[in-house]
Amino acid sequence: MHLLLSGEGPSDIGVCYPAAEYCQSENFKPGPMAWLADQWVERCQGYNLSHLESGLVHFVNEKYLAKNKPDPAKKAMRLRGKRTPGETAYYFYNARALAKRAISLAHEVDDQVVAVLFRDADGTASAGRGEWQAKYDSMLEGFEVEGFVYGVAMLPQPKSEAWLLCALNPQSPYQHCARLEEESGNDKSPYSLKSQLDVACQGNTSADQLAEVVQAGGVQWEKIDMPSLSAFKSRLEEVVARAVKRKNQV
Amino acid sequence: MIKNIYIDNFKSLMDFELNLAAFTCLVGLNGAGKSTVLQALDFISQQMRGDIDEWLSQRQWQARDIGSKLTAKKNIEIALQLENQDHGLIEWKASFNRHSLRCTREEATSNGKLVLKVEDGEFFINKNVSSEGSRSASHSIMFDYQGSILSQLKQNQLGPGLQVLKETLANIRSLDLLSPEHLRQRTRDSAGHLGLGGQKLSAYLHEQGSEARQRLLAKLQTVYPQLTSIDTRSMRSGWKHLDIAEQFAKKTLKTPARHVNDGLLRLLAVLSQLESDEQFLLFDEIENGINPELVEFLVDALVESEHQVMVTTHSPVILNYLEDEVAKQGVIYLYKNASGATQAIHLFEIPSLAEKLRVMGPGEAFLDTRLTELEDEIQGVSQQEGKDASATER
C-alpha cells in the first residue's frame, strides 16, 4: 500500500524538497499532519511500518491540483442547490483532482493507494463561511465522483492548530478539546489558535519543530476527542481496512 | 476606451470609483447598485448630448431623484479617464448642478495639458495642445444649455482631445431597460439608435439597410439554423414593420415582431448594437430570456466585440463562459457598505474567490460563495491593507 498526500503547506502536510509540485519518498519533507496520517495508518494496519520512512509516500501540492483540475466541462457546473450547499465546491474539486492522481498512481505502482487530502475548514477559500459537515461531505463526494474508494478527508475545524493545541497545551492536555473547534480560524484575530499554540509551545512552532514533536510521538492522537479529528480517524480506518482486504484478494 | 470613472452623489454612488476593462461585468445582490452604475454611465453620456430634461423624462425621473439621499451635497461630481490610441490619455472632471442641470465647473486635459476649463460663467478651450501659446482667452458663457458645454460646441471648434472626449462619451449607449414589449413595438424612425428599453428596433433595423441585416442574419443562423430572413418594410403610413422567417421541414413560416420569441428579439437587439457605431454598450441583466444553450454564443460576442461593453448579471452560467483572465479583470462585485453607499471590488481579487478560481470556473466560484457573508471578508482585507499601508509609511 502507498500513501498519497496533499495539503496546503509545510506546517500541515509538508512540501517537496527541493521545491516541486510533486515528489515522493526522500524528496518529501513531511509536516506534522503527514506524521499524523502515517501514525494512524500504522495503527490501523496493526503492525509497525511507517510509510513515510519506507519510501511508500507520494505528495502533490495545491498548485499541482489546480493545474490538474478535472475537465473544465464548463456546462457541467456544480450547481448550488438543496442537495449542494454553498462554500463546498473548492473541497469537491480538490478531492476530484487528487482522486484522479491517486488512480493513475495506483496503476504506476501496481498497488493500492490511499490518498489523504488536507484542507483547513476555515482556510483562505472560505474565510469563515460555510459548514464543516458540508465541506467534509463534498470532499468524499469528490473522491466518489471519480470512482476512487480510498480517499480520506483531513479537514480540521477550524484548522490544524486546534488539533495540536489540544495535545500540546500544558495546562490541561486532551481536556475539553471540542470547544477548540468553535474558535476562529483567522490568524489575525487577537487570540488566534496560532498564537495560543505559540504560547503553549513557548514559540517552538515552526513547521519543522511541530513535525519533530509529532514524529517523536509527542501527540497521542487516540486521546484527542474532537469531531473533525474523529471523522478523519474513522474514515482512515475504514479505507485502510478496505485497501488491505483488496490487497489480500489480489 | 474609458479606463476609469468616478462619481459622487449620484443615487447610491458616493465617492464611487470604478476601473473598467474592455469587458466589464457587474455582479452583486439585488439592490447593491448594479443598475445605478449603468444609469450613472448613461447620465455621464447625456452630459455630452445636452438636454438633461429629456433624459430625465425618458426615465420618468425628476431632477431630485438623481442626487444621493445619503448626503446634503447639491452637486454631482464626475471624473473620468479615457485612453485613445491616437490621442493618449484624456481626463475630464465636472461638477453637475442639479438645479441648473448643467456642469457649472469643468476641466479637461489631454496628455496632462489643460484643454478645457469652465468656471464662474466663463470658459476657454485650447485647440492646439502641442503649443502652450495658442490657448484661447476665456469667453463669457452667453447662452443657456444643459449638461456639458461640449454638448453645445461644434466638433470643429474643439481640438482633437476634446473631440475624442465628446464623441466617446456621447457614444455610450445604455439598454438598461431592454424589454420584449418595447422591442416588439412598430416604430416610424429611430434617429440612429435604440431606446433604453430597445424601442425603435424595427425602424433601427430598417435604417441599417439590407447588408447590415444580412450580417445579423448570418450571425444568428449559427445558433438559430432554421432562421432564413430578417425583413423590415416601410408601411405607407411610415411605420416600419419587422418580420422574421423560419424554415421548418419545407415550409417557410413568417412571424411578425409582435409574435417573435423574447430570446430571439433580445439577441437581435444586442447583436445589432454590437454592429453599431456606438463605442460603449451597457446591458442590464444580459441573461434575461436567453436559454443556456445560447449563453456561450452571447458571451463570446460580447467579449470579442470591438466596443467596450458593460453588463450586469445574476447568472453564474454567464460568468462560467468567461475565460479566467477576462473574469479576473472584468468581473466587479458591488455591495453596499453600512451607510448604504455602493462599493466596488474586483470579485476575483477577494482572496477566497481567487483561491476558488484556481480549481473551478468563475461562475461556479461565484455561485458557491455565500454573498451575504462576503462583506466580512472584504472588510477584513481592506482593514489589513490599511494596516499594511500604515506600516509601510512608518
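The values are calculated or read from the model by the stated rules, or taken from the named source; none is laboratory data. Nothing here was measured: the structure is a model prediction, and the numbers come from that model. Here the Cβ is made from the backbone with ideal geometry for all residues, glycine too, and neighbour counts use every protein chain on show. Note: accessible area is taken over every heavy atom of the protein model, side chains too, but ligands, DNA and RNA are not part of it. Shrake-Rupley method; radii C 1.70, N 1.55, O 1.52, S 1.80 Å.
Quick look at the values:
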item: The stretch B:73-174 - Rg and Dmax from Cα coordinates, angstrom; result: 13.2, 40
item: Residues whose placed amide H lies under 5 Å from that of B:VAL115, excluding near-sequence neighbours; result: B:ALA108, B:THR109, B:SER110
item: Projected-area average for the stretch A:199-245 over all orientations - Cα convex hull basis, square nanometres; result: 4.5 nm²
item: Reference-scaled alpha-carbon Rg (2.2 N^0.38 Å with N residues) for chain B; result: 1.06
item: Chain A: most fluctuating residue of A:ARG43, A:ARG83, A:ARG129 per GNM, C-alpha cutoff 10 Å; result: A:ARG83
item: Heavy atoms of B:ARG105: accessible area, 1.4 Å probe, square angstrom to 10; result: 110 Å²
item: Rg and Dmax [Cα atoms of the stretch B:149-263; Å; Rg one decimal, Dmax integer]; result: 17.7, 60
item: Prolate/oblate/rounded label for the stretch A:1-108 (Cα gyration tensor, a/c 1.5); result: prolate
item: Calculated P(r) of the stretch A:81-166 - Cα pairs past 16 Å, %; result: 52 percent
item: Highest-first arrangement of B:357-366, A:186-195, where packing means the average Cβ count within 10 Å; result: B:357-366, A:186-195
item: Rule-of-thumb Rg ratio for the stretch A:93-250 [Cα; 2.2 N^0.38 Å; N residues]; result: 1.13
item: Estimated FRET transfer efficiency (B:SER100, B:ASP189; beta-carbon r; R0 30 Å; 0.05); result: 0.45
item: Cβ neighbours within 10 Å from other chains - mean over B:347-359; result: 5
item: Tensor-based shape of the stretch B:1-146 (alpha-carbon gyration tensor, a/c under 1.5 rounded, otherwise prolate or oblate); result: oblate
item: Förster radius 22 Å - calculated FRET efficiency between A:LYS245 and A:TYR47, Cβ distance, rounded to 0.05; result: 0.90
item: Rounded accessible area of B:HIS182 (nearest 10 Å², 1.4 Å probe); result: 60 Å²
item: Tail weight of P(r) past 18 Å, computed on alpha-carbon pairs of the stretch B:244-394, percent; result: 67 percent
item: Two-site FRET efficiency, B:ALA338 against B:ASP65, from Cβ-Cβ distance with R₀ of 22 Å, rounded to 0.05; result: 0.40
item: Shielding by partners - mean other protein chain Cβ count within 10 Å, residues of B:370-379; result: 3
item: In Hz, Karplus ³J(HN,Hα) per residue of the stretch A:212-223 (6.51, -1.76, 1.60; θ = phi - 60°; x = Gly, Pro); result: 4, 4, 5, 4, 6, x, x, 10, 9, 4, 5, 8
item: Largest-first ellipsoid semi-axes for the stretch B:1-65, taking √(5λ) over the Cα gyration tensor eigenvalues, angstrom; result: 21, 15, 11
item: Three-way shape call for the stretch B:205-276 based on the alpha-carbon gyration tensor, with the a/c threshold at 1.5; result: oblate
item: Linear extension gain, A:SER234 paired with A:VAL109, 0.36 nm per residue minus alpha-carbon span; result: 42.4 nm
item: Compactness of the stretch A:171-250 as Cα Rg over 2.2 N^0.38 Å, two decimals; result: 1.42
item: Sequence-distant aspartates and glutamates (8 or more away, or on other chains) whose Cα lies within less than 14 Å of A:LYS63; result: A:GLU8, A:GLU21, B:GLU355
item: Loop trypsin sites (Lys or Arg not before Pro), the stretch B:245-301, which have at most 10 other Cβ atoms in a 10 Å radius of their Cβ (DSSP); result: B:LYS250
item: Label-point gap, in nm, between A:ASP71 and A:SER189 - each point 7 angstrom along Cα→Cβ; result: 4.2 nm
item: Longest to shortest principal axis, alpha-carbon extents of the stretch B:191-245, angstrom; result: 32, 26, 18
item: Mean shadow area of the protein assembly as shown over all directions, Cα convex hull, nm²; result: 38.3 nm²
item: Average beta carbon contacts from partner chains per residue of A:87-97, 10 Å cutoff; result: 4
item: P(r) histogram, all alpha-carbon pairs of the stretch B:277-356 included - 10 Å bins from 0, percent; result: 15, 46, 32, 7, 0
